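The values are calculated or read from the model by the stated rules, or taken from the named source; none is laboratory data. Values in this document were obtained by computation on a predicted structure and should not be read as measured data. As a convention, Cβ positions derive from the backbone with ideal geometry for all residues, glycine included, and neighbour counts pool all protein chains shown.
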Amino acid sequence: MTSATLRHAGWILRGNPLTGVAAAGVFLLTFIAIFGPWIVPYDPIVSNVSQALLAPSAAHIAGTDQLGRDVFSRLIVAARLDLAIAVSAVGISFAVGAVIGAICGYAGGRLDRGVGRFVDVLMAFPLFVLAMAMVAALGNRVENIVIATAIINLPFYIRFARAEVNIRRNLGWVEAARACGDSHISVVLRFLLPNVLPAMAVQMSLNLGWAILNAAGLSFIGLGVKPPTPEWGIMVAEGARFISTGKWWLIAFPGLALMLAVLFFNLLGDGVRDILDPRMRT
Amino acid sequence: MSDVLLELNDLHVTFSTRRGLVEAVCGVTLSLDKGETLGLVGESGSGKSVTGFAITGLLDAAGQITAGNIRFRGQDITRVSSADLRNLHGAAMAMIFQNPRAALNPIRAVGEQIADAILAHKRMSRVEARAKALGLLRAVQIREPEKRMAAYPHELSGGMCQRVMIAMAISCDPALLIADEPTTGLDVTTQKIVMDLLAGIAAERGMATILITHDLGLAARYCRRIVVMERGRLVEEAEPKTLFQAPRHPYTKRLVAASPTASSGIADLVTEEERGRCVPIKVAPRPMPPPGTPPLLEVQKLAKRFDQGGAAVADFSMMIRAGESVGLVGESGSGKSTTSRMICRLIDPSEGEISFEGQSIGHILARDFHRSPFRKDIQIVFQDPNDSLNPRFTAFDCIAHPLLRLGGLRAGDALRKRVEECAERVGLAVELLTRFPHQLSGGQKARVGIARAIACQPRLLVLDEPTAALDVSVQAVVLQLLDRLRRENDLAFLFVSHDLNVVRMMCDRTIVLRNGRIVEQGESRALFDNPQTAYTRELVEAVPHIEAGLALIRRSQG
């Protein structure tokens, strides 16, 4: 990070203060995810039935659940798992999708058409149902949630990278790279991919929020993460049983955590693009 | 009643940008009579287009008229209500743009689009409007206008699209037509047809025209009066003849000198004072190669067919000797870019043979050619400097790239020295090397592109319209640079261009290409002075250079 980059980031933030809020939010989430287990006031797993279902108070700021566990502590500890699933799933689909998409976009022809149809088939499924089926088939484990989430995100990255590379493949600097002695594959990996990264970073940021929702959704319907592991989706699922008796804090706080995480990632998207795009700099 | 149609008084236009307020037009005063044709000439950034936009009220939101006024038929149009303005624009004044295809709605038939333009300002039924649109297509001399009414923009050529734009612009019989670079991007022959048509229509209907252009020759040919703008200011106003024979302002002098004419040589492109500053180079005449040396490049019966459609290039044979400069001329679609890329071994020919220094290179697949020892001997300079540099590479990285790949250098002091040397040779200041392409001007980007191409000391340089996107004064400098580099390094050039004046200056021999086939070839001067085929003659005659403009004026006066 040079000082010019930082100055540029500062300029973007002044023009769009929401990006700053979103960046702070994402930073906070990351901090919680890393240091969560050490900063929580109570153990998130050990039950204490005498303290069950207490409304929010000074001792338990988000109340306690049906087993007397502190909801706030569980929320904080859950951030690590939810973020880890989302980041690794998006990371995998980005790495695989960007390379496949870039190659297709550059090569065109039969390969491009073949991969394109495969992507169409994948997208023809309701994606959440596809993820459910994959987790059910592969086994009820966290890794499989990651794989399933990565696969259903893959088509978007392939299409995105393909389109972005396709509009650049005939530009002068691509031909120039070949005249300078680069092979086709080196042109794709060292010239085209870095140039489509800014646009893809936006997609990744938006996608992270969505992947968190997807992981929570799978857990909510009982696939993937199992109790008593703290996880936002499970917490909402378990809390749903008590909503009719007015124990609102059981789902309100995990729901809020989910909402804020998704919101922060989405807001960050546009800001990230502005900061990474060298053409926005002067 | 006065004859003045339009008057600009001390017009100032300011844009608010990230770096604060930028004054694009600072104090332009000019007037235009009814039916007059005025040329507004200047290079990029001179504020000529902004002036046009200010008159037609098309300034974008960041731009504002901060001082002065624009009087149209005596009424100050900078201070009238927006409803009045809407009636004025389009009906009383109209504008046509540089890229006609982008200015037309791609999903609406052109006839309907013309009818829409009519209906926006006149009360009539759609049937009547369509009938009027048909009449207009006839007026702009589109063949089979009934059929073309239903055509979509992509089905028409660039020249046709510009005619449709003209039809639209004149649909409400405006008193003033502003043409902003109407023929930039069109072939010379099409340019001539479109401009003749525009001039004819303007004369016939008594429309005043402002022709905004960077091309002095074009302005000289079609305008009675020319104003020259530089950095938002009007520097000179004169009749074409006076302007070219006795330019007063130093900027005009430079501009006139830099515009290539039928007789100018490379050295004539800069003014006397500037020439004094460059050290003349002395190059010993090339020794004759020993007999039996194969030519540097020999191409035989080259052809390229694409999957869809016919042959892009067919039966193309040529040769280039070491240090020789050969021009390849043709209109868009003539296959000159395809040919140059086959010779550069960036695409594979369908048939034919290419040999370099007697060794066959045509059979090496383009996708493997990067490993060939000849890769560094054949380099290319691309057309548009704006898209020929990787936006994520600094100027240094761009020039270093071939050295790392082909020159066998590693990152370090030796590389730095070599890159700086290349930059120096193309006249690029060393402190610019840390900049990214978007921080460089067009001329500087062109220099980076040339430095990159010569970094590995190639023997043959393919130049694909290297100056087509540059201003004339920058073009003049770049052409001189190329010519110097060629003589200093005994480089051979394949100079691809549509600009015949440039080719005439730069090339020993010229090849004229049409529809993928060679029409005519020979010594440049002889070819242009005495073309043998009708097509070449047509090309040569369509070039708007200054003498032709003056001759036209003399003819009309005499």
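Please specify each residue of the range B:431-465 satisfying the condition of being of a type in the set (A, V, I, L, M), under 21 Å from B:Glu488 (Cα atoms) and assigned to a helix (DSSP H, G or I).
Taking the range B:431-465 as the starting set, the residues that turn out to be of a type in the set (A, V, I, L, M) are B:432-433, B:440, B:446, B:448, B:450-451, B:453-455, B:460-463.
Then keep just the ones that are under 21 Å from B:Glu488 (Cα atoms); that gives B:446, B:448, B:450-451, B:453-455, B:460-463.
Within the range B:431-465, B:Ala446, B:Val448, B:Ile450, B:Ala451, B:Ala453, B:Ile454 meet the criteria.
Looking across the range B:113-159, the residues that are charged (D, E, K, R) and assigned to a helix (DSSP H, G or I) come down to B:Asp116, B:Arg126, B:Glu128, B:Arg130, B:Lys132, B:Arg138, B:Glu146, B:Lys147, B:Arg148, B:Glu155.
Contact annotation: residue pairs with Cβ atoms under 7 Å, 6 or more positions apart or on different chains, pairing a residue in the range B:74-103 that is under 23 Å from B:Pro182 (Cβ atoms) and in contact (Cβ under 8 Å) with a residue 24 or more places away in the chain with a partner that is surrounded by fewer than 18 Cβ atoms within 10 Å (Cβ to Cβ) and β-branched (Val, Ile, Thr), are B:Gln98/B:Thr184.
Here the condition is being closer than 27 Å to A:Val146 by Cβ and without any contact (Cβ under 8 Å) to a residue 12 or more places away in the chain; of A:Phe35, A:Phe94, it holds for A:Phe35 alone.
Could you go through the range A:109-118 and let me know if any residue there is at pLDDT below 90, within 26 Å of the chain's Cα centre (by Cα) and exposed (fewer than 14 other Cβ atoms within 10 Å of the Cβ). No, the range A:109-118 contains no residue that is at pLDDT below 90, within 26 Å of the chain's Cα centre (by Cα) and exposed (fewer than 14 other Cβ atoms within 10 Å of the Cβ). Return yes when B:Ala400 is under 26 Å from the mean Cα position of the chain (by Cα), buried (at least 20 other Cβ atoms within 10 Å of the Cβ) and small (Gly, Ala, Ser) and no when it is not. Judged against the criteria, B:Ala400 is not a match. With respect to B:Val227, is the statement that it is assigned by TED's automatic domain parsing to the domain that holds B:Met195, closer than 23 Å to B:Thr184 by Cβ, in contact with a His (Cβ under 7 Å, 6 or more places away or on another chain) and modelled with pLDDT of 70 or more true? When the stated conditions are applied, B:Val227 does not pass them. B:Ala61 meets the conditions (1) at pLDDT 80 or above; (2) part of a loop (DSSP other than H, G, I, E, B); (3) surrounded by fewer than 18 Cβ atoms within 10 Å (Cβ to Cβ); (4) small (Gly, Ala, Ser) in every case but one. The failed one is (1). Does the range B:425-436 contain at least one residue that is more than 9 Å from chain A (Cβ to nearest Cβ) and closer than 24 Å to B:Leu297 by Cβ? Looking for residues that are more than 9 Å from chain A (Cβ to nearest Cβ) and closer than 24 Å to B:Leu297 by Cβ, one finds at least one in the range B:425-436, hence yes. Just the residues that are touching an Asp or Glu at 6+ places or on another chain (Cβ under 8 Å) and charged (D, E, K, R), please, taken from the range B:198-231. Of everything in the range B:198-231, those that are touching an Asp or Glu at 6+ places or on another chain (Cβ under 8 Å) and charged (D, E, K, R) turn out to be B:Arg205, B:Arg224, B:Arg225, B:Glu230.
Taken over the range B:245-264, the criterion of being assigned to a helix (DSSP H, G or I) and either in contact with a Ser or Thr (Cβ under 6 Å, 6 or more places away or on another chain) or closer than 22 Å to B:Val28 by Cα (or both) is satisfied by B:Pro250, B:Tyr251, B:Thr252, B:Lys253, B:Arg254, B:Leu255, B:Val256, B:Ala257, B:Ala258.
Considering the range B:166-187, and only residues there that are charged (D, E, K, R) and not in a strand (DSSP E or B), the residue that is farthest from B:Gly45 (Cα to Cα) turns out to be B:Asp173.
Within the range B:364-406, the residues that satisfy the criterion of being more than 9 Å from chain A (Cβ to nearest Cβ), part of a loop (DSSP other than H, G, I, E, B) and of a type in the set (A, V, I, L, M, F, W, C) are B:Ile364, B:Leu365, B:Phe374. Tallying residues that are basic (Lys, Arg), surrounded by fewer than 17 Cβ atoms within 10 Å (Cβ to Cβ) and at pLDDT 90 or above within the range B:86-131 yields 2.
Residue-level analysis places B:Val512 outside the set of residues that are of a type outside the set (Phe, Trp, Tyr), modelled with pLDDT of 90 or more and under 25 Å from B:Ser44 (Cα atoms).
Across the range B:525-540, the qualifying residues are those that are free of Cβ contacts under 8 Å to residues at least 12 places away in the same chain, assigned to a helix (DSSP H, G or I) and not small (Gly, Ala, Ser), and the one among them that is surrounded by the fewest Cβ atoms within 10 Å (Cβ to Cβ) is B:Asp529. Contact map, the range A:214-239: residues that are surrounded by fewer than 22 Cβ atoms within 10 Å (Cβ to Cβ) paired with residues that are hydroxyl-bearing (Ser, Thr, Tyr) and assigned to a helix (DSSP H, G or I), Cβ distance under 8 Å, separation 6+ or inter-chain. Pairs shown: A:Ala237/A:Ser219. I'd like to know if the range A:253-267 contains one or more residues that are closer than 30 Å to A:Tyr106 by Cβ, buried (at least 21 other Cβ atoms within 10 Å of the Cβ) and either out of contact with any strand residue (DSSP E or B) (no Cβ under 9 Å at 6 or more places or on another chain) or more than 14 Å from every other protein chain (Cβ to nearest Cβ) (or both). Yes, the conditions are met somewhere in the range A:253-267.
Total residues in the range A:168-195 satisfying the condition of being facing another protein chain (nearest Cβ under 7 Å), on the phi < 0 side of the Ramachandran plot and in a loop (DSSP other than H, G, I, E, B): the figure is 4. Among the listed residues B:Met168, B:Met207, which satisfies the condition of being crowded, with 23+ Cβ neighbours inside 10 Å, more than 21 Å from B:Ala109 (Cα to Cα), of a type in the set (A, V, I, L, M, F, W, C) and more than 22 Å from the chain's Cα centre (by Cα)? One residue alone meets the criteria, B:Met207.
Reported count of residues in the range B:407-424, each being within 14 Å of chain A (Cβ to nearest Cβ) and either at pLDDT below 90 or in contact with a Cys (Cβ under 7 Å, 6 or more places away or on another chain) (or both), is 3.
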